[in-house]
Amino acid sequence: MLLDPDEMPKAWYNIIPDLPEKLPPPRDPEEGPSRLKYMQQVMLKTAFEQELSDQRWIPIPEEVREIYIHAGRPRPLVRAKRLEEYLKTPAKLYYKREDLSPPGSHKLNTALAQVYYARKEGYEGVCTETGAGQWGSALSWAAAVMGLRCVVFWVRFAYEWKPDRRTYMQLLGADVHASPSKITEVGRAILERDPHHGGNLGIAISEGLEYAEKHDEFVYCLGSVLNHVLLHQTIIGLETLKQFEKIDVQPDVMISCLGGGSNFGGFVLPMVGKVLRGEAECEFIAAQSLATPNLVKGEYRYDFADHAEKTPLLKMYTLGHKAEFPKIYAEGLRYHAAAPIISLLKHLGYVKAIAYAIDEKDVFEAAKIFMQTEGFLPAPESAYSIRCAIDEALECKKTGEEKVIAFNVSGHGFLDLFAYREKLFEKKEPT
């Protein structure tokens, strides 16, 4: 199912006006300086305006739309007929191909928007964190295309696993640092306690924020969790709904993987809005790892979004911002908390979640099945979506239900072949 460029959405969808109750606002802790004021100093002014907007539709700037097209949008929605035949299921399976962006994932949707606003606000560069490397790659690509500098703090053990992705970012002109690093106070303090610390996303976020704080010409850009990021990602779901409308089909279940929530939110929120307005019925399932099952085992409460407590407190499902987690190859899912919007929807019963084993064997086997039937190699994170979609389709095989199951392939796995090799053929575990 294809769309012409002139059919691409002209506005992002903001779900906040349609939520059944008010989203709990970010707030400052009882002690210490104002984190709300701090974030306004290191982040984009436009991002804060969008974060707090009560407008249902936020226009996509024309230049951003043009670069979206240059980067391959709109993206296909594909009927997975070969996978259906392999599973012998009465269910109908459809997947959205966000793996087709130049850096290889959905992350480019918000990277282009944020770099555009950064340039418009007069910054010379952008800085950020990255976990699996997709967000760092996307921001590096967007910065290169728009003529800005880029600094990336990359979770150390993923940085060491993926030299090819590091080279990709460097080819785009980005400065890439293993996190925890020696160039920030946060990083130095952690390395003093543990010189071999493998890092996590919460630490990398703290380092990115500190870098922006100390370099006025740079602005911090976030790849997940906050409302404006999910807003930019809704182009995925808006395209998907338009594609389903063109073939007169409506999904019964929508599935995607979830770490912080950007690709899951971008894929499902436009349909969630229709459900909240009474225009449709649909089930929404987030696929996670038991390494960090924030929606499955987390507490719904206020917590910091980063390790060093530089961010405001956000109400979300959290495992604790100081927690240490097992290493997995789907590093993009290894975050302590879920986006406030997704957390509220989970709390109210509109979103379900499932978590798969830390050894990742089932999800990697699902990815192999997908590659052998559909011909595309997914990112390890996307393998969780595929595993969940396969499980739902197999359940339909038992019950005889002819559900329409839609899932998002959030990125490709060509820079993750080492992980597939070790999991499926050499049987090693992450170290």
From the list His215, His196, His232, which one is out of contact with any helix residue (DSSP H, G or I) (no Cβ under 8 Å at 6 or more places or on another chain) and under 21 Å from Leu44 (Cβ atoms)?
His215
In segment 321-333, which residues are touching a strand residue (DSSP E or B) at 6+ places or on another chain (Cβ under 9 Å) and buried (at least 24 other Cβ atoms within 10 Å of the Cβ)?
Ile328, Ala330, Glu331, Gly332, Leu333
Does Glu283 satisfy being of a type in the set (D, E, K, R), in contact (Cβ under 8 Å) with a residue 60 or more places away in the chain, more than 18 Å from Ser224 (Cα to Cα) and not assigned by TED's automatic domain parsing to the domain that holds Leu36?
yes
Residue under question is Lys88, and the condition is that it be in the same structural domain as Phe376 (by TED's automatic domain parsing), at positive phi and out of contact with any Phe, Trp or Tyr (no Cβ under 9 Å at 6 or more places or on another chain); does it hold?
yes
Filter segment 70-84 for residues that are surrounded by fewer than 19 Cβ atoms within 10 Å (Cβ to Cβ) and of a type in the set (A, V, I, L, M, F, W, C) and give the result.
Val78
Is it fair to say Ala144 is closer than 18 Å to Lys107 by Cα and surrounded by fewer than 20 Cβ atoms within 10 Å (Cβ to Cβ)?
yes
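A quick yes/no check of all residues on (1) crowded, with 23+ Cβ neighbours inside 10 Å; (2) of a type in the set (D, E, K, R); (3) in the same structural domain as Val42 (by TED's automatic domain parsing); (4) under 22 Å from Met1 (Cβ atoms):
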residue: Thr311; (1), (2), (3), (4): yes, no, no, no
residue: Ala357; (1), (2), (3), (4): no, no, no, no
residue: Val363; (1), (2), (3), (4): yes, no, no, no
residue: Leu394; (1), (2), (3), (4): no, no, no, no
residue: Ser410; (1), (2), (3), (4): yes, no, no, yes
Give the residues of segment 54-66 that are out of contact with any Pro (no Cβ under 8 Å at 6 or more places or on another chain) and touching a residue at least 60 places away in the same chain (Cβ under 8 Å), sorted by residue number.
Ile58
Leu295: passes all of (1) surrounded by fewer than 19 Cβ atoms within 10 Å (Cβ to Cβ); (2) part of a helix (DSSP H, G or I) but (1)
Does Tyr38 qualify as being at pLDDT 95 or above and of a type in the set (Ser, Thr, Tyr)?
no
So which residues in segment 85-96 are surrounded by fewer than 19 Cβ atoms within 10 Å (Cβ to Cβ) and either in a helix (DSSP H, G or I) or among the small types (Gly, Ala, Ser) (or both), if there are any at all?
Glu85, Tyr86
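The values are calculated or read from the model by the stated rules, or taken from the named source; none is laboratory data. As the structure is a computational prediction, the values presented were derived from the model and not from experiment. Methodologically, a virtual Cβ is constructed for each residue, glycine included, from the backbone with ideal geometry; neighbour enumeration extends over all protein chains shown.
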